[in-house]
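The values are calculated or read from the model by the stated rules, or taken from the named source; none is laboratory data. Everything numeric in this text was worked out from a predicted model, so none of it was measured. Glycine gets a Cβ as well: all are built from the backbone with ideal geometry, and neighbour counts include every protein chain shown. Side chains are part of the model used for accessible areas, which takes the heavy atoms of the whole protein and leaves out ligands, DNA and RNA. Shrake-Rupley method; radii C 1.70, N 1.55, O 1.52, S 1.80 Å.
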Amino acid sequence: MSTVVPFPQGPTLQALPPVPTSPAQLHNIKAQLDLILLALEALTGIGSEAMVQAADTLQLSGMGDRVSLWRLRQANPLRKGQGGRKKLDVEEAKALVLLICYLAQQHQTRIRSAVGLLEQLTSQGRPPHEAAVLGDYLDGFCNLFQDRMDDQSQESLSMEHLSNLALKLLIDLLFYGGSGGARRLWVALIDRSAPS
């Protein structure tokens, strides 16, 4: 059972810095947000109902039910299927950032424990899957990715790369659930989506 941490009152959609609205950047941000939510699902076992409840708690519009949330997540260009809404605007992206950070705070104990185990095993030169929590997380993330993402996305990532992505997202979640997490995540999304 994870400890419930109250969400800080500071971050709001308006407080996050603006993002360049080029289609390529928004395209990349959509994919990143959904992958972070996938990591949260795999680690904590939360589903869409818990996400909708969290969105309701935060009074975030556009996520009032499971279908609305699914449509927002379906905006990820890596996902299977042609259904759902394929466009995600900046305000919706910012709302997803706040949702992710809130959920990361709610599950901070589990995230910290998993990252601590990862550090311990890495320092001992042992593979992460030797710890049950990390093995379950990696299996869950890979299974969710394979179940939800299109074949082209799956072909571009080997299992090793997919596991490395899962571990990177796990470490990122530690920072997104902390103080200033929403701003940190938003800035990271902008930086990662900027043209090289």
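Observations, loosely collected:
- Selected residue (criterion: nearest to Leu185 (Cα to Cα)) from residues of segment 19-60 that are surrounded by fewer than 12 Cβ atoms within 10 Å (Cβ to Cβ) and among the small types (Gly, Ala, Ser): Ala24
- Of all residues in segment 155-186 being open to solvent by 60 Å² or more (accessible area, probe 1.4 Å) and in contact (Cβ under 8 Å) with a residue 40 or more places away in the chain, the one that is farthest from Leu96 (Cα to Cα): Ile171
- Any hit, segment 148-157, residues being out of contact with any strand residue (DSSP E or B) (no Cβ under 8 Å at 6 or more places or on another chain), under 21 Å from Val52 (Cα atoms) and modelled with pLDDT under 95: no
- Residues within segment 187-196 that are more than 18 Å from Lys94 (Cα to Cα) and either buried (at least 17 other Cβ atoms within 10 Å of the Cβ) or touching a residue at least 60 places away in the same chain (Cβ under 8 Å) (or both), tallied: 1
- Looking at segment 1-101, the helices (runs of 4 or more DSSP H) lying wholly inside it that each contain 1 or more residues that are at pLDDT 85 or above and more than 23 Å from Phe175 (Cβ to Cβ) sit at 48-57.
- Matching option when the condition is under 20 Å from Asn28 (Cβ atoms) and touching a Cys at 6+ places or on another chain (Cβ under 8 Å), among Leu162, Leu169: Leu162
- Picking from residues in segment 123-148 that are among the polar types (S, T, N, Q) and closer than 21 Å to Glu41 by Cα, the one that is most open to solvent (accessible area, probe 1.4 Å) is Asn143.
- Residues of segment 93-122 that are free of Cβ contacts under 8 Å to residues at least 40 places away in the same chain and open to solvent by 40 Å² or more (accessible area, probe 1.4 Å): Ser113, Leu117, Glu119, Gln120, Thr122.
- Hits in segment 150-196 (condition: closer than 22 Å to Thr44 by Cα and of a type in the set (A, V, I, L, M)): Met159, Leu162, Leu165, Ala166, Leu167, Leu169, Leu170, Ile171, Leu173, Leu174, Ala182, Leu185
- Cβ-Cβ distances below 7 Å connect the following pairs, each with a first residue in segment 125-154 that is within 20 Å of Leu173 (Cβ to Cβ), a second residue that is among the basic types (Lys, Arg) and open to solvent by 40 Å² or more (accessible area, probe 1.4 Å), and a separation of six or more residues or different chains: Arg148/Lys80; Met149/Lys80.
- Hits in segment 125-164 - residues which are of a type in the set (Gly, Ala, Ser) and over 12 Å from Leu78 (Cβ atoms): Gly125, Ala131, Ala132, Gly135, Gly140, Ser158, Ser163
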